[in-house]
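Peer 1: Handing you this structure, nothing more for now.
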Amino acid sequence: MPYRACVWDMDGTLLNTLPTILYYCNQSLAHFGLHSIAMEDCRDLCRLPISHFYHRLLRLSGCPEQDVERLQPAIRDYDCASYLKDFSHLTEPYEGIRETLEALRDMGIKNAVLTNKPDALAHSLTRQFFGGLMEACIGQTPQTISKPDPRSMDRVLDTLHVQCSEILYVGDTDIDMQTAHNSGAAAAAACWGYQSIEQLMPYSPEHVIHAPGDLIEIFRR
């Protein structure tokens, strides 16, 4: 069955948010008198759920182990408040993303976002960077189920009126590969994101894409 929809992860796939996350993490660490972390450390943090993110961040900064649990709520609240003041600071779409979205739209393909990012933030970023190019944006709320649970795809199916077998899910992490396969969609591993292709290949993605424009030929076929 041919693909009728291209569903995209957000962070590390559509948008390079790594500089933004690093900026606010290091700003927060400095506020608490801790050492900054490197870009590669931040890249590894990006695939963690928020329940683990700040514990790991504190440990990477050299925070004494006995202080990690005590400081975790404070640095989380400070970091989130700072981030929400300007959450698109330093964030940019990856090269070729907008052109690919436009080409797929012109081919009659439905584009949508499925992300574990909070729903309100995901919608704001989608409007800012991809206004008019996405038919749906599904983020996380307290009531929704996160990736890689296959039920995370349900709202996409209801909104786009497609079947899972008609979806190509594009992502850059093992969570994305699992999400596609758990739900019955095909997976496209994006090589430009936060995990290497070597980390994604064990999940047997149907497609490996080295640049966003590679998707155009896949959908033409």
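Peer 1: How about segment 207-221: which of its residues are surrounded by fewer than 16 Cβ atoms within 10 Å (Cβ to Cβ) and charged (D, E, K, R)?
Peer 2: Glu217, Arg220, Arg221
Peer 1: How do the pairs read when you match residues in segment 136-149 that are under 17 Å from Asn182 (Cα atoms) with residues anywhere that are loosely packed, with under 15 Cβ neighbours inside 10 Å, using Cβ under 9 Å and keeping only pairs 6 or more apart or on different chains?
Peer 2: Between residues of segment 136-149 that are under 17 Å from Asn182 (Cα atoms) and residues that are loosely packed, with under 15 Cβ neighbours inside 10 Å, the close pairs are Thr144/Arg151; Ile145/Arg151; Ser146/Pro49.
Peer 1: Another question, if that's okay. Just one of Asp79, Asp106, Asp9 is in the same structural domain as Leu157 (by TED's automatic domain parsing), surrounded by 20 or more Cβ atoms within 10 Å (Cβ to Cβ) and among the acidic types (Asp, Glu); which is it? Even if it seems obvious, please write down each step before you answer.
Peer 2: On the way: Asp79 fails: in the same structural domain as Leu157 (by TED's automatic domain parsing); Asp106 fails: surrounded by 20 or more Cβ atoms within 10 Å (Cβ to Cβ).
Exactly one residue qualifies, and that residue is Asp9.
Peer 1: Among the residues in segment 49-69, are any of a type outside the set (Gly, Ala, Ser), closer than 30 Å to Glu166 by Cα, part of a loop (DSSP other than H, G, I, E, B) and assigned by TED's automatic domain parsing to the domain that holds Cys164? Lay out the reasoning, then the answer.
Peer 2: Step one: of segment 49-69, the residues of a type outside the set (Gly, Ala, Ser) are 49-50, 52-60, 63-69.
Of the ones still in play, those that are also closer than 30 Å to Glu166 by Cα are 49.
Add one more test, that the residue is part of a loop (DSSP other than H, G, I, E, B), and what stays is 49.
Still in the list and also assigned by TED's automatic domain parsing to the domain that holds Cys164: none.
Within segment 49-69, not a single residue is of a type outside the set (Gly, Ala, Ser), closer than 30 Å to Glu166 by Cα, part of a loop (DSSP other than H, G, I, E, B) and assigned by TED's automatic domain parsing to the domain that holds Cys164.
Peer 1: Could you look through segment 57-98, keep only residues that are over 14 Å from Gly33 (Cα atoms) and hydroxyl-bearing (Ser, Thr, Tyr), and pick out the one that is farthest from the chain's Cα centre (by Cα)?
Peer 2: Ser82
Peer 1: Here is a check on your reading of the model: is Arg76 of a type outside the set (S, T, N, Q), more than 21 Å from Gly139 (Cα to Cα) and in a helix (DSSP H, G or I)? Give the derivation first.
Peer 2: On the way: of a type outside the set (S, T, N, Q): yes; more than 21 Å from Gly139 (Cα to Cα): no; in a helix (DSSP H, G or I): yes.
No; evaluated as a whole, the condition is false for this residue.
Peer 1: Got a number for residues in segment 169-182 being under 19 Å from Ile218 (Cβ atoms) and surrounded by fewer than 24 Cβ atoms within 10 Å (Cβ to Cβ)?
Peer 2: Our first condition is that a residue be under 19 Å from Ile218 (Cβ atoms); within segment 169-182, this holds for 169-172, 176-177, 179-181.
Then drop every residue that is not surrounded by fewer than 24 Cβ atoms within 10 Å (Cβ to Cβ), which leaves 181.
Of the residues in that region, 1 qualify.
Peer 1: Would you be able to tell me the number of residues in segment 150-182 that are free of Cβ contacts under 8 Å to residues at least 60 places away in the same chain, within 19 Å of Arg47 (Cβ to Cβ) and among the polar types (S, T, N, Q)?
Peer 2: Matching residues across segment 150-182 total 3.
Peer 1: On to the next question. Scanning segment 24-56 for residues that are among the small types (Gly, Ala, Ser) and under 24 Å from the mean Cα position of the chain (by Cα), which turns out surrounded by the most Cβ atoms within 10 Å (Cβ to Cβ)?
Peer 2: Going through segment 24-56, the residues among the small types (Gly, Ala, Ser) turn out to be 28, 30, 33, 36, 38, 51.
Filter once more, keeping what is under 24 Å from the mean Cα position of the chain (by Cα): 28, 36, 38, 51.
Values: Ser28: 24, Ser36: 16, Ala38: 10, Ser51: 9.
This residue is Ser28.
Peer 1: I've got another one for you. Report the residue count in segment 58-83 for those that are free of Cβ contacts under 8 Å to residues at least 24 places away in the same chain and of a type in the set (A, V, I, L, M).
Peer 2: Just the residues of segment 58-83 that are free of Cβ contacts under 8 Å to residues at least 24 places away in the same chain, to begin with: 59-60, 64-70, 72-73, 77, 80-81.
Cutting the leftovers down to of a type in the set (A, V, I, L, M) gives us 60, 68, 81.
Total meeting the criteria: 3.
Peer 1: Specify the residue that is surrounded by the most Cβ atoms within 10 Å (Cβ to Cβ); the eligible residues are those in segment 12-23 that are part of a helix (DSSP H, G or I) and β-branched (Val, Ile, Thr).
Peer 2: The selected residue is Ile21.
The values are calculated or read from the model by the stated rules, or taken from the named source; none is laboratory data. Values in this document were obtained by computation on a predicted structure and should not be read as measured data. In this analysis, Cβ positions are derived from the backbone assuming ideal geometry, glycine residues included, and neighbour counts consider all displayed protein chains.
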